[in-house]
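Taken together, the values in this text are just the output of simple stated rules run on the coordinates, not laboratory data. Every value quoted in this text rests on a predicted model; they were computed, and no experiment measured them. Positions of Cβ are generated from backbone atoms using ideal geometry, with glycine treated the same way; all protein chains shown enter the neighbour counts.
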Amino acid sequence: MNNSAKKLGENIRRIREEKQMMQIDLCRKLNVDGAYISNIENGKSNPTLSTIERIARALDVSVEDLMK
């Protein structure tokens, strides 16, 4: 994947860990499979804008925080 997907994944993982959430917690909030979140965090999947917005809401951050 490209650098943007990798950076997004790194930010999601960092913020999730700062909030002391496990991947399974985020998956449950989003009602998605664990492998999907793992692929996003590892930069192997390129989520849609809608999914990025859902992740931001689940982590209680802005989309901008995920993308920087």
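Charges were assigned to the Cβ only: +1 to each Lys and Arg, -1 to each Asp and Glu. The resulting dipole of the chain about its Cα centre is roughly 100 debye.
A simple rule links phi to the HN-Hα coupling: the Karplus curve 6.51 cos²θ - 1.76 cosθ + 1.60 with θ = phi - 60°, which for the stretch 29-43 gives 4, 8, 6, 10, 6, x, 5, 5, 5, 4, 5, 5, 5, 8, x Hz, with x for Gly and Pro. Mean sequence separation of contacting Cα pairs (under 8 Å, at least six apart), scaled by the length of the stretch 3-67, corresponds to a relative contact order of 44 percent. Here the sum of -39500 (n - 2.57) over DSSP H runs of 4 or more residues, divided by the residues of the chain, equals -20500 deg cm²/dmol at 222 nm, to the nearest 500.
The HN-Hα couplings worked out from phi for the stretch 52-66 by the Karplus form 6.51 cos²θ - 1.76 cosθ + 1.60 (θ = phi - 60°) are 4, 5, 5, 5, 4, 4, 5, 8, 6, 9, 7, 4, 4, 4, 6 Hz, whole numbers, x standing for Gly and Pro. Converting phi to 3J(HN,Hα) with the Karplus coefficients 6.51, -1.76 and 1.60 and the offset θ = phi - 60°, the stretch 2-18 yields 7, 4, 5, 5, 5, 5, 4, x, 4, 5, 4, 4, 4, 5, 4, 5, 4 Hz in sequence order, with x at every glycine or proline. Spin-label pair D25-T51: with each label point 7 Å from Cα along the Cα-Cβ axis, the two points sit 2.2 nm from one another.
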